[in-house]
Amino acid sequence: TTYFEGMSGSNCTQATEFNLVGFTEDPATRVTLFLLFLLTYLVTILGNLGMITLIRASPLLHSPMYYFLGNLAFVNLCSSTIITPRILVGVLLGRKGMAYAGCMAQVFTFDLFVVTECFLLATMAYDRYVAICHPLLYPLVMSPERCSRLVTSSYLLGLTNGVGQTISMSSLFFCSSSTIDLFFCDISLLISLSPSDTTLSLIILRTSSSLLGVPSMLVVLVSYIAIISTILSISSAEGKCKAFSTCASHLTTVSTFYGALIFMYLIPRSDTSRGGDKWAAVLYTVVTPMLNPLIYSLRNQEVKEAWRRLRKIK
């Protein structure tokens, strides 16, 4: 057994598992939450798989925007599967323990897909910027080769983040009594729980947020400032509506995803005022992956038309 002596001089045993705090201990409420999360997960799986299948099967959707959307659906599918099944087991069976190795694996995969999604959303914002602000250059700028490189870069940046965060976590010591006040292994909470020196881990976390998270948010912000400015300069009301409809779905997705992340990680507050963190985490880990395919399918005429054509063929 490995022991650690902290600055206070007290010994603790190396953790083999972490305790994850659930939502409630009330049996009736737990059943209700289980059904809600189960329904959400089923809609997420069916919606994202359906979007991927439709994009691959319909020639009408073989364009850069839907190429990026297909990858976003894949990332949403993966990120939801990393988190939601564990929530379902915890809510239904009351299991709060999660093995150390499983927690590290969750840190790696979740951090990988979160950063990948950030850059995919930034890429989609840039795609809409070129399409609306420079339509004549669009075929040249968003060529298949460049689109492929942009998507590959998003995954590689996500992988870099996942590996870096996991390496930093592997050097930390955790006591066997460690309890995470959340329903998944969040890296910022894990760092705060460690009695060992967390300087390097905090530096890696903050550097990653600065070099990966902030630039992707700035790309989205600058792109949409330019897009809105261009739309407002269009003389006809019909032209404005058509231009805005092409990016409204993406703007809704971006607002939901980044809004929850900003609330969770960037708004300073005391430990006693973090009651909303759990539900903010639910928003970007569980709800957003479900909403994305619904938003794009319900608000997008091309997706609706592709679905109608596919049904006629069958």
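The values are calculated or read from the model by the stated rules, or taken from the named source; none is laboratory data. Remember, it's a predicted structure, so these values are computed and weren't measured experimentally. All Cβ positions, even for glycine, are placed from backbone atoms using ideal geometry, and neighbour counts span all protein chains on display. Side chains are part of the model used for accessible areas, which takes the heavy atoms of the whole protein and leaves out ligands, DNA and RNA. Shrake-Rupley method; radii C 1.70, N 1.55, O 1.52, S 1.80 Å.
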**Report entry** Selected residue (criterion: surrounded by the most Cβ atoms within 10 Å (Cβ to Cβ)) from residues of segment 79-97 that are of a type in the set (Gly, Ala, Ser) and over 14 Å from the mean Cα position of the chain (by Cα)
**Finding:** GLY90
Report summary line: Note: among ARG56, ARG95, just one is free of Cβ contacts under 8 Å to residues at least 24 places away in the same chain, at negative phi and not in a helix (DSSP H, G or I), namely ARG95
Query raised in the report: In segment 46-78, which residues are closer than 30 Å to ARG95 by Cα, surrounded by 17 or more Cβ atoms within 10 Å (Cβ to Cβ) and of a type in the set (A, V, I, L, M)?
Result: ALA73, VAL75, LEU77
Query raised in the report: Within segment 273-281, can one find any residue that is part of a helix (DSSP H, G or I) and either among the hydroxyl-bearing types (Ser, Thr, Tyr) or modelled with pLDDT of 80 or more (or both)?
Result: yes
Query raised in the report: Taking segment 194-209 as the search range and keeping residues that are in contact with a helix residue (DSSP H, G or I) (Cβ under 9 Å, 6 or more places away or on another chain) and not in a helix (DSSP H, G or I), which one is farthest from GLY97 (Cα to Cα)?
Result: THR198
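Does any residue of segment 193-200 turn out to be within 23 Å of ILE87 (Cβ to Cβ), within 25 Å of the chain's Cα centre (by Cα) and not aromatic (Phe, Trp, Tyr)?
yes
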**Report entry** Residues located in segment 210-249, provided they are among the hydroxyl-bearing types (Ser, Thr, Tyr), modelled with pLDDT under 80, in a helix (DSSP H, G or I) and open to solvent by 20 Å² or more (accessible area, probe 1.4 Å)
**Finding:** SER245, THR246
Query raised in the report: Has segment 282-305 got any residue that is farther than 22 Å from ASN48 by Cβ and modelled with pLDDT under 75?
Result: no
Report summary line: Across segment 113-169, the tally of residues that are open to solvent by 40 Å² or more (accessible area, probe 1.4 Å), within 21 Å of the chain's Cα centre (by Cα) and hydroxyl-bearing (Ser, Thr, Tyr) stands at 6
